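K.L.:
Below is the structure I would like to discuss, written out as structure tokens.
The values are calculated or read from the model by the stated rules, or taken from the named source; none is laboratory data. Note that the structure is a prediction, hence the values are computed from the model and not measured. Ideal geometry is used to build each Cβ from the backbone, glycine not excepted, and the neighbour counts take in all protein chains shown.
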Amino acid sequence: MTVAYVLTCAGSDPSGGAGIQVDLRTFAALGAWGLSAITALTAQTPAAVRATAPVDPALVTAQIEALIEAFPVGAAKTGMLSTAAICNAVANALPDDLPLVVDPVMAATSGGRLLDADAVGVLIGRLLPRAALVTPNLGEAEVLTGIPVRTIDEMRDAAGLLRGLGARAVLVKGGHGTGPEAVDLLVDDDGALPLGGPRYPYEVHGSGCCLSAAIAARLAQGADLRTAVRDGKAVVTAAIAGAVRAPDGRRMANPRSPWAPPCGISPPPGAP
């Protein structure tokens, strides 16, 4: 049996709802073997981020280098990178030819800041040019481009600007928008592709992490970019529909249930 190995470079969420924990859960749900380089520790729940502590950049480098040497990594993703030094460490340690999904995590759903202000320029200058795909939500796209991003036309404009900064493809996520559908917009060499899904009347902790992890897993499994993005959208839509309720009522993305409708991909053998 051929195993697809996929690497996440992201922060730890002890609630299991986002970050490294949901990335690994998503990889497993898709039949890929998850590897992780932890960039930051957090004290958080779906309701709030109480504290964060970045990992020493040298240790981040050591984690990535050890995994790259030991495993034939097929793709990688980034999530919470916390500081400029960690952004640089990740950019330096990842091989140039490794397909990379950059999820430019800047804040938690609950509002806690997860990326230092001075790290944004490093993310733009060092990681976007390495990205096979970058997956900003509307607010992140506004920070990265400096323009308003709310409508489909503005999403297309922002994607064009991000591609001009070096990203080979951009998926602007519309989950924080309005209307009956949550429409994401993929812009790549073949043009613009809107991807719609139902908008649920609640926020879900970890949905962005789940989406970027699913796309990275599918790239590691050999899918082309558009197939990987379509599959990722199907997985996260089902993970939102089947979100787990925390004791306080807030919901967490549930990538363990991607096989229920409306997911459009088949489960790997033995999947629940």
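K.L.:
Can you tell me which residue is nearest to Glu69 (Cα to Cα) among those in segment 1-20 that are of a type in the set (A, V, I, L, M) and without any contact (Cβ under 8 Å) to a residue 60 or more places away in the chain?
P.N.:
Applying the first criterion (of a type in the set (A, V, I, L, M)) to segment 1-20 yields 1, 3-4, 6-7, 10, 18, 20.
From what's left, without any contact (Cβ under 8 Å) to a residue 60 or more places away in the chain: 1, 3, 20.
Details: Met1: 21, Val3: 16, Ile20: 20 Å.
Filtering segment 1-20 for residues that are of a type in the set (A, V, I, L, M) and without any contact (Cβ under 8 Å) to a residue 60 or more places away in the chain, the one nearest to Glu69 (Cα to Cα) comes out as Val3.
K.L.:
Ok, one more. Can you find a residue in segment 150-159 that is touching a strand residue (DSSP E or B) at 6+ places or on another chain (Cβ under 6 Å), crowded, with 18+ Cβ neighbours inside 10 Å and under 29 Å from Val60 (Cα atoms)?
P.N.:
The answer is no, given that none of the residues of segment 150-159 is touching a strand residue (DSSP E or B) at 6+ places or on another chain (Cβ under 6 Å), crowded, with 18+ Cβ neighbours inside 10 Å and under 29 Å from Val60 (Cα atoms).
K.L.:
Among the listed residues Ala243, Ala253, identify the single one that is within 12 Å of Arg25 (Cα to Cα) and in contact with a His (Cβ under 9 Å, 6 or more places away or on another chain).
P.N.:
From the options Ala243, Ala253, the qualifying one is Ala253.
K.L.:
Given the residues Ala47, Ala84, Ala62, which is the only one that is out of contact with any Asp or Glu (no Cβ under 7 Å at 6 or more places or on another chain) and either over 25 Å from Gly125 (Cα atoms) or aliphatic (A, V, I, L, M) (or both)?
P.N.:
Ala62
K.L.:
Taking Arg25 as the residue in question, decide whether it is part of a helix (DSSP H, G or I) and among the charged types (D, E, K, R).
P.N.:
Numbers: part of a helix (DSSP H, G or I): yes; among the charged types (D, E, K, R): yes.
It is true that Arg25 is part of a helix (DSSP H, G or I) and among the charged types (D, E, K, R).
K.L.:
Here's a follow-up. Return the residues of segment 134-157 that are assigned to a loop (DSSP other than H, G, I, E, B) and either polar (S, T, N, Q) or more than 17 Å from the chain's Cα centre (by Cα) (or both); say none if nothing qualifies.
P.N.:
Thr135, Gly146, Ile147, Pro148, Val149, Arg150, Thr151, listed by residue number.
K.L.:
Of Ala214, Ala159, which residue is of a type in the set (Gly, Ala, Ser), over 16 Å from Leu138 (Cβ atoms) and modelled with pLDDT of 95 or more?
P.N.:
Ala214
K.L.:
Pick from Val90, Val49: which is in contact with a Lys or Arg (Cβ under 9 Å, 6 or more places away or on another chain) and under 19 Å from Leu128 (Cα atoms)?
P.N.:
Val90
K.L.:
Here are some conditions: (1) part of a helix (DSSP H, G or I); (2) in contact (Cβ under 8 Å) with a residue 40 or more places away in the chain; (3) not aromatic (Phe, Trp, Tyr). Gly160 meets all but one. Which one does it not meet?
P.N.:
(2)
K.L.:
Same structure again: Taking Val172, is it modelled with pLDDT under 95, out of contact with any Gly (no Cβ under 8 Å at 6 or more places or on another chain), under 22 Å from Gly79 (Cβ atoms) and surrounded by 24 or more Cβ atoms within 10 Å (Cβ to Cβ)?
P.N.:
no
K.L.:
Report, by residue number, each residue of segment 200-242 that is surrounded by fewer than 24 Cβ atoms within 10 Å (Cβ to Cβ) and outside any helix (DSSP H, G or I).
P.N.:
Within segment 200-242, Tyr200, Pro201, Tyr202, Glu203, Gln221, Gly222, Ala223, Asp224, Gly242 meet the criteria.
K.L.:
Counting only residues that are at pLDDT 90 or above and surrounded by fewer than 18 Cβ atoms within 10 Å (Cβ to Cβ), which one in segment 243-257 is farthest from Asp97 (Cα to Cα)?
P.N.:
Only one residue fits best here, namely Pro247.
K.L.:
A further question follows. Name the one entry in Leu67, Leu98, Leu81, Leu94 that is modelled with pLDDT of 95 or more, surrounded by fewer than 17 Cβ atoms within 10 Å (Cβ to Cβ) and farther than 22 Å from Ala239 by Cα.
P.N.:
Going through Leu67, Leu98, Leu81, Leu94 in turn, the sole match is Leu98.
K.L.:
Which residues, counting only those in segment 218-236, are polar (S, T, N, Q) and free of Cβ contacts under 8 Å to residues at least 24 places away in the same chain?
P.N.:
Matches in segment 218-236: Thr227 only.
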